[in-house]
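Each value in this text was obtained by applying a stated rule to the coordinates, not by laboratory testing. What you are looking at is a predicted structure, and each value in this text was computed from that prediction instead of being measured. Here the Cβ positions follow ideal geometry from the backbone for every residue, glycine too, while neighbour counts run over all protein chains shown.
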Amino acid sequence: MNEQDARYKIKAALDRLRDTRSVANEDRIEEDSSTVDYHIDNILKSGEGQWNETIARDYVQNLEAQIEQEFEAPGSPKA
């Protein structure tokens, strides 16, 4: 997965998460470092400063799975 694809998928996942949260929680989302650049930086750090497509793919899949688990959690807006 190249960086552009990773950015797109991360943004889509974060947008989906934001859509389920109230406006009051928007500041908390930003405080949680839920930004595309934050996640891209984590991918780069995991690759020791180099873009690694395997690390990127695994990272994005993990992020998507975490967000999906949040939707399935008791008390979540979609549960």
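What list of ³J(HN,Hα) couplings, whole Hz, do you get for the range 55-66 from phi and the Karplus terms 6.51, -1.76, 1.60, once you set θ to phi - 60° and write x for glycine and proline?
Going residue by residue, I get 4, 4, 4, 5, 4, 5, 4, 5, 4, 4, 5, 4 Hz, with x marking Gly and Pro.
So, in nm, how far is label Gln61 from label Asp19 when the simple model puts each one 7 Å beyond its Cα toward the Cβ?
Placing both labels 7 Å along Cα→Cβ, they lie 2.4 nm apart.
Counting only other residues whose beta carbon sits under 10 Å from that of Arg57, what net charge do I get with K and R as +1, D and E as -1?
On the way: positive: Lys9; negative: Asp5, Glu53, Asp58.
Taking every Cβ under 10 Å from that of Arg57, the sum is -2.
Net charge around Gln4, counting only other residues with Cβ within less than 15 Å of its Cβ (Lys, Arg = +1; Asp, Glu = -1)?
On the way: positive: Arg7, Lys9, Lys11, Arg57; negative: Glu3, Asp5, Asp37, Glu53.
After counting each charged neighbour, the total is 0.
Between beta-carbons, use under 9 Å as the cut-off and find the net charge around Ile40, counting Lys and Arg +1, Asp and Glu -1.
Numbers: positive: Arg7; negative: Glu3, Asp37, Asp41.
That sum, taken over residues with Cβ under 9 Å, equals -2.
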